[in-house]
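Visitor: One structure follows; several queries about it will come next.
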């Protein structure tokens, strides 16, 4: 499976091809995932056995994408909020990612596998948000 897929061949109409890379699909999936209520963040995946939440800049690094002509399969390792139903959160992520990838790329999404790598409690979630906010403030001060 290649890193880029031709979505539409418009060469007969004199326009050329439309291709999408795995990275683009991963970014769409990651951004849609973190917008879902109950998701604390995305981890770096099973390979590292890490439950550290990735920063916004590195979100797509945790998402695995497999592509073949006109189709994609996606695996997303997440950390959820303990107070929210884990299964419901995972299902919502699946729906949102599938819809977003299809609407933005035209790729048929065969499956969206969610791997819940951990859960965070209210106090931990608040601490993670505060740390992210501090990092953002430091970046803004440097600029």
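Visitor: Which of the residues belonging to the stretch 1-19 are surrounded by 12 or more Cβ atoms within 10 Å (Cβ to Cβ) and either assigned to a loop (DSSP other than H, G, I, E, B) or at pLDDT 90 or above (or both)?
Guide: Once the filter is applied, which keeps residues that are surrounded by 12 or more Cβ atoms within 10 Å (Cβ to Cβ) and either assigned to a loop (DSSP other than H, G, I, E, B) or at pLDDT 90 or above (or both), the stretch 1-19 yields only 1.
Visitor: Here is a further query. State the number of residues belonging to the stretch 19-47 that are over 17 Å from residue 75 (Cα atoms) and touching a helix residue (DSSP H, G or I) at 6+ places or on another chain (Cβ under 9 Å). Break it down stepwise before answering.
Guide: Let us first name the residues in the stretch 19-47 that are over 17 Å from residue 75 (Cα atoms), namely 19-20, 37-38.
Within this subset, residues satisfying the condition of being touching a helix residue (DSSP H, G or I) at 6+ places or on another chain (Cβ under 9 Å) are 20, 37-38.
Looking only at that region, the number is 3.
Visitor: Restricted to the stretch 44-64, and to residues that are touching a strand residue (DSSP E or B) at 6+ places or on another chain (Cβ under 7 Å) and more than 14 Å from residue 115 (Cα to Cα), which residue is modelled with the highest pLDDT?
Guide: Per the stated criteria, the residue is 59.
Visitor: Turning to a different aspect of this structure: Do we find a residue being assigned to a strand (DSSP E or B), modelled with pLDDT under 95, out of contact with any helix residue (DSSP H, G or I) (no Cβ under 6 Å at 6 or more places or on another chain) and surrounded by 12 or more Cβ atoms within 10 Å (Cβ to Cβ) anywhere in the stretch 121-141?
Guide: no
Visitor: Return the residues of the stretch 78-96 that are surrounded by 18 or more Cβ atoms within 10 Å (Cβ to Cβ), at pLDDT 90 or above and either more than 17 Å from the chain's Cα centre (by Cα) or over 15 Å from residue 111 (Cβ atoms) (or both); say none if nothing qualifies.
Guide: Correct list: 78, 79, 80, 89, 92.
Visitor: All but one of (1) assigned to a helix (DSSP H, G or I); (2) in contact (Cβ under 8 Å) with a residue 12 or more places away in the chain; (3) touching a strand residue (DSSP E or B) at 6+ places or on another chain (Cβ under 7 Å) hold for residue 67; state the number of the condition that does not hold.
Guide: So residue 67 meets the others, but not (1).
The values are calculated or read from the model by the stated rules, or taken from the named source; none is laboratory data. If you're wondering where the values come from, they're calculated on a predicted model, not measured in any experiment. When we count neighbours, we look across all protein chains shown, and the Cβ atoms used for this are built from the backbone with ideal geometry, even at glycine.
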